[in-house]
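Visitor: Dropping the structure in here first, questions after.
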Amino acid sequence: MRLAHLLDGLRCADCLTIDVLWYDPVRGLVECRECGHRANVAFENIGTAGNAEDVWEVV
């Protein structure tokens, strides 16, 4: 069983299809279910710990 999250409203840069990107936090991977394009991602918390308005940045 793999936990993946659909990234609503985002478009694949290769096939330009919308709402087909899935984020897999365990593997640190975003994948297009339409064309199969994959990208490794890492997130760095640039906000303060415990703050409800933390900002996340893709690095």
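Only the coordinates and a few stated rules stand behind these numbers; no lab work does. Owing to the predicted nature of the structure, the values given are computational and were not obtained by experimental measurement. Don't worry about glycine lacking a Cβ; one is built from the backbone with ideal geometry, like all the others, and counts go over all protein chains shown.
Visitor: What full-extension length gain, to one decimal in nm, is calculated for ASP24 and LEU6 as 0.36 nm per residue of separation minus the Cα-Cα distance?
Guide: That works out to 5.6 nm of additional length.
Visitor: If Lys and Arg each add +1 and Asp and Glu each add -1, what is the summed charge of the other residues whose beta carbon sits under 10 Å from the beta carbon of THR17?
Guide: -1
Visitor: Here is a follow-up. Distance in nm between label sites at ASP14 and ALA39, each 7 Å beyond Cα in the beta-carbon direction?
Guide: Result for the modelled spin labels: 1.2 nm.
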